[in-house]
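First up is the structure itself, then whatever we jot down about it.
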Amino acid sequence: MAVNQSAAWQALKVLAESGVAEKHLQDWFAADPDRAKRYAIELDELYLDFSKNRIDDQVIAGLLALAEQQDLSGWIKRLLTGDEVNDTEGRPALHTALRSLNAANVSGFAAEVQPDVEFQFAKMAKIVSKIRAGHWRGYSGKPITDVVNIGVGGSDLGPLMITHALQVQKSPVRLHFISSIDGTQTSNLLKTLNQETTLFVLASKSFTTIDTLSNAETAKDWLEERIERPQTLMAQHFIGVSTRPDKMAEWGIPEENQLLFWDWVGGRYSMWSAIGFPIALKVGMKGFYQMLDGANVMDEHFARAPLAQNIPVIMGLIDVWNINFLNIQAKAILPYDARLKYLPSYFEQLVMESNGKAVNRAGEKVSYKTCPILWGEVGPNAQHAFYQLLHQGTQGVMSDFIVPVERDDFELHSGAEKDASLLKQHHLALANCFAQSRVLMLGDAAIPESLKSSFDSPFKHYAGNQPSNTIMLKNLSAKTLGMLVALYEHKTYVESVIWEINPFDQWGVELGKLIAKEAYACLVDNESVESFDASTQALMKRVK
Amino acid sequence: MKVAVYGCELTGLVTAGALAQVGNQVMALPVGFVKVEDLKAGVLPREEPGLDNMLAQQQAEGRLSFEADWEKGLAHAEVLIVATPSWRMDRAEALIELIGNKVRKDLVVVNQSTFPVGTADRFEAKLKLALAERGEVCNVAVVAMPDFLSEGSAINNFMRPDRIVLGSSSDSSIRLMRDLLRPFNRVTDQIKVMTTRAAEYTKYAVNALLATRISLVNELANNAEHFNIDFEEVRQGLGSDHRIGFNYLYPGCGFGGPSFAADVRSLVANLQSMGYDADLLKTVLSNNETQKEVLFRKAWRFFNNDLRGIKIGVWGLSFKPNTATVENAPSVKAIEAFCAQGAHIKAYDPKAMTDFAMHWQGAEQVELVDNMYAALDSVDALVIMTEWKRFWSPDYAQMKQLMNQPVIFDGRNIYDPEMIASQGFRYFGVGRGEEI
């Protein structure tokens with residue numbers, strides 16, 4: 001029986017149709033001011049306020065019943081112990097095992113992989129400390145000063161997002177990221193670098209990704225302009241990160257420079273593995289471990305907290321409520337800190353590549369909505385862009401506001417005018433964050449009584465009733481970022497369990513790669529374009 | 001004249017000894033960790049040719065005394081000299097405060113320490129304010145007298161100076177200083193009088209210019225290698241141009257020492273804190289750090305980027321000959337680079353091994369040996385970091401017999417490339433020898 005035919009689902013549907021779905025958030029708060037206290041959960045350095053959602057105790061009870069009916073607790077356990085939760089590819093999804101180092105309470109396959117994980121982290125630590133100390137030398141003997149990560153998707157977004165978020169930490173090497181297949185990034189970047197002091201990291205789970213390998217070839221050609229000995233070129237200027245030692249060796253990367261992870265680590269869950277190498281270069285192995293620790297705090301919470309007090313569970317269930325019962329099909333990720341610029345892109349991949357699916361685990365087409373369209377932007381900038389649609393458009397949109405309470409990137413009490421101004425700016429950002437979620441929730445009701453008359457115009461009305469979560473981090477640190485990302489990973493899994501889909505495969509991206517190969521053959525090898533449709537043929541003819 | 005010298009590092013001790021030698025009554029007072037008992041017993045914080053003898057003699061003849069109590073120095077002095085290390089500004093401040101609170105007579109305060117430009121003016125203002133607050137009418141002035149002493153020849157530098165720079169706006173102070181320094185200013189008048197700020201800046205400017213010259217020469221020499229040129233020939237061509245001259249034209253594996261680079265660095269920092277920049281000097285400093293590894297880079301290429309298990313003999317650790325210190329010395333940085341690649345080091349220095357052992361924090365592969373040939377036992381290459389005289393004409397046969405491979409990386413260009421090659425050595429200098 002499809003989940004939307006199940007008793008728990010139907011009960012929620014009835015509840016929603018009984019008037020709950022129509023009720024405005026301003027009325028929820030008017031009737032129950034205490035809800036802000038009740039609908040919040042704090043874990044270590046992370047605080048979630050979910051009271052600005054169109055829920056009450058009855059809704060939560062219904063959602064928890066749905067979770068129980070779907071055996072969510074069982075699924076959580078299966079995930080964390082290493083069952084084959086990725087059934088279409090016949091393997092577990094054990095990103096949590098990467099961050100349970102020293103944790104006594106892992107079991108199953110998750111425990112078996114620990115020695116491998118420790119071995120690779122020890123190898124990574126050695127390389128990281130050598131580079132950070134200026135003792136990793138280029139061909140001429142100068143220390144490496146620039147490290148270029150060549151990777152795409154999961155091999156790019158995580159390290160890019162985290163290193164950008166932790167930008168205030170001083171790093172002894174400069175980090176660069178190249179991902180796009182078209183070569184623009186590579187060509188522009190290489191102009192600014194010197195072969196003597198540049199090291200490339202080839203990060204590719206399969207080590208067959210054409211985007212990455214084509215950029216790597218360009219990098220290699222560039223190095224060959226200066227380096228005669230191929231052994232030196234590879235030994236001093238390339239590090240490989242992959243699940244495929246054979247492919248890395250074939251490409252020429254010596255064993256000492258290979259960092260491994262495993263097929264049980266999904267690409268979009270891989271920044272916790274050696275794919276996080278640039279993160280460790282940025283903040284040191286200690287900082288990298290702090291990030292893993294932060295994630296582990298969330299993992300432990302996910303594994304042990306009762307469902308009703310479980311942050312990823314509650315966030316996942318509320319998304320399900322919004323999508324399937326309130327018919328909201330869009331979600332905005334709104335960090336109020338410019339250091340989190342890449343967080344929306346990171347979550348776009350994490351959430352949409354995981355749950356953007358229409359077939360359940362049994363292979364049947366589902367008859368309910370799954371993953372919403374998710375996008376976002378640094379909040380204060382987005383206010384000048386798409387917030388208009390959030391406030392007055394025709395779409396229901398749910399939002400996650402994410403904000404650090406404190407900033408440690410400047411001195412709070414230094415007495416310097418600049419620092420005082422920065423503190424003011426931080427408070428301005430916080431004020432904007434709180435203001436936006438309040439207006440989205442209340443709409444016109446947020447207008448102060450004294451100003452009501454000036455808003456008396458059909459163009460100045462605010463419907464409100466747009467639900468949101470607010471996640472507050474104590475500050476932006478390796479640890480809190482670890483907690484935050486792990487939270488979204490688990491929340492995404494919770495939704496997949498309700499929707500009965502496998503969040504760990506991504507068959508949808510395969511066909512395009514295959515067709516690209518055919519199209520490429522047509523463009524460069526003069527193969528006939530006859531097999532393509534008329535539109536594509538016309539486009540290709542303009543290139544040939 | 002009665003003189004008190006505060007600070008018993010190299011500058012203070014040389015100043016005290018030289019002034020005593022010409023008849024002044026000098027009291028020397030330590031400002032840091034140096035102990036009066038040690039000084040009295042002839043245990044000096046830094047080795048310097050001739051210094052121990054001079055101090056012992058002046059003590060014996062009763063013109064030099066060491067004293068811990070700062071107030072006694074103040075009571076003694078007509079001229080009070082501040083000669084603390086540049087990083088002990090706090091002690092100098094404390095001393096100025098003491099003078100301001102206690103002085104009851106006319107006094108000339110001379111600052112020899114390398115402090116940021118403007119310090120002498122600031123000290124003088126501070127003293128004047130303190131005197132005014134006490135209602136004291138005596139005349140206290142501050143004179144800037146930057147020291148131009150080089151380790152290894154410091155006594156000679158003081159007694160037979162190229163020039164003496166005095167910064168002051170007080171004619172009477174300058175008259176007094178001229179009299180004090182008269183014995184060292186005989187042949188021609190070497191005293192240049194200027195404002196205190198100009199005097200202070202001159203000291204920085206001299207070091208900045210010399211550092212820049214060395215770094216530029218190093219860069220020219222490194223690049224001469226790429227054109228297959230022996231830089232020694234170029235050096236002759238350069239030096240004979242009277243606008244350039246021969247001084248400071250030797251390329252090498254970088255400069256070091258406790259104050260040279262530190263002074264340039266502090267000038268850069270000083271300017272930056274005021275919102276200005278010194279791009280060229282920053283480049284000079286970073287170039288020099290890179291140059292300290294020049295021999296490492298040659299060896300790195302010679303051994304095909306794999307130094308694991310390679311044994312390296314090192315001659316010379318001190319930042320220059322005739323000194324026992326390795327502070328900021330190229331040797332420390334080069335040895336660290338070798339060790340990080342898994343090479344093993346056997347090192348010898350005539351004087352600086354104790355100081356090296358104190359500065360060395362890290363890999364255990366460094367073995368210090370007590371004669372120059374022991375450092376060659378079974379090594380794959382010799383690296384020369386300091387041009388001590390005894391390294392200039394070694395026993396080539398013995399060297400070859402001891403070494404695994406007859407390979408020399410010479411950071412001071414002390415051998416003739418053709419001669420040493422004819423002895424059977426592979427020879428790599430800085431801007432000389434084989435290209436690699």
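Some points to look at:
- 26 Å Cα-Cα reach of A:K452 towards lysines, excluding residues that sit fewer than 8 places from it in its own chain: A:K23, A:K52, A:K460
- On Cα atoms only, tilt of A:210-224 relative to the major axis of chain A in degrees: 40
- Among B:V326, B:I174, B:G152 - extreme Cα towards positive end, dipole of chain B, charges at beta-carbon: B:I174
- Listed by chain and number, the aspartates and glutamates placed with their C-alpha closer than 20 angstrom to that of A:K286 are A:D44, A:E45, A:D116, A:E118, A:D299, A:D408, A:D409; residues fewer than eight positions away on the same chain are left out.
- Just checking the listed ones, B:A68, B:A18, B:A299: in the Gaussian network model of chain B with Cα springs under 10 Å, the one fluctuating most is B:A68.
- When each of the peptides B:223-229, A:490-496 is scored by how many other beta carbons lie within 10 Å of its residues on average, the order from highest to lowest is A:490-496, B:223-229.
- In this structure, B:W392 and A:A431 have a Cβ-Cβ separation that, at R0 = 51 Å, corresponds to a calculated FRET efficiency of about 0.10.
- Three-way shape label, the range A:296-387, alpha-carbon gyration tensor, a/c 1.5: oblate
- Counting neighbouring beta carbons within 10 Å and listing from fewest to most, the residues A:D319, B:D241 come out as B:D241, A:D319.
- Projecting the Cα positions of A:A122, A:F532, A:S18 onto the charge dipole of chain A (unit charges on Cβ atoms of Lys, Arg, Asp and Glu, taken about the Cα centre) puts A:A122 furthest along the positive direction.
- Spatial separation of Cα centroids for the range A:35-73 and the range B:75-114, in angstrom: 71
- Backbone N within the range B:259-299 under 11 Å of label point (7 Å from B:E93 Cα along the Cβ vector): none
- Within the same chain, lysines fewer than 8 places from B:K102 are excluded, and of the rest, those with a Cα less than 17 Å from its Cα are B:K72, B:K126, B:K128.
- Compared with the dominant principal axis of the Cα atoms in chain B, helix B:196-226 is inclined by about 0°.
- Think of each Lys and Arg Cβ as +1 and each Asp and Glu Cβ as -1; about the Cα centre, that makes the dipole of the range B:2-194 roughly 440 debye.
- Listed residue pairs exceeding 22 Å between alpha carbons, taken from A:K282/B:K333; A:K513/A:K544; B:K40/B:K389; A:K282/A:K491; A:K126/B:K333; A:K220/B:K333: A:K282/B:K333; B:K40/B:K389; A:K282/A:K491; A:K220/B:K333
- Projecting the Cα positions of A:L157, A:G267, A:G252 onto the charge dipole of the range A:132-275 (unit charges on Cβ atoms of Lys, Arg, Asp and Glu, taken about the Cα centre) puts A:L157 furthest along the positive direction.
- In a simple Cβ point-charge model (Lys, Arg +1; Asp, Glu -1; nothing else charged), the protein assembly as shown has a dipole of about 1880 debye relative to its Cα centre.
- Going from the residue with the fewest nearby Cβ atoms within 10 Å to the one with the most, A:S242, A:S345 rank A:S345, A:S242.
- Using alpha-carbon coordinates, inclination of helix B:260-273 to the longest axis of chain B, degrees: 60
- When peptides A:257-269, A:58-70 are sorted by average Cβ neighbour count within 10 Å, with the highest value leading, the order is A:257-269, A:58-70.
- Charge dipole magnitude, Cβ of K and R +1, D and E -1 - chain A, Cα centre, debye nearest 20: 980
- With the highest mean first, a sort of the peptides B:312-324, B:406-418 on other beta-carbon atoms found within 10 angstrom per residue produces B:312-324, B:406-418.
- Per-residue ³J(HN,Hα) for the range A:265-271, Karplus 6.51 cos²θ - 1.76 cosθ + 1.60, θ = phi - 60°, Hz, x for Gly and Pro: 10, x, x, 7, 10, 9, 5
Readers should treat all values here as calculations from the given coordinates under stated rules, not as data from a laboratory. Predicted, not measured: the structure shown is a model, and the values here were computed from it. As a convention, Cβ positions derive from the backbone with ideal geometry for all residues, glycine included, and neighbour counts pool all protein chains shown.
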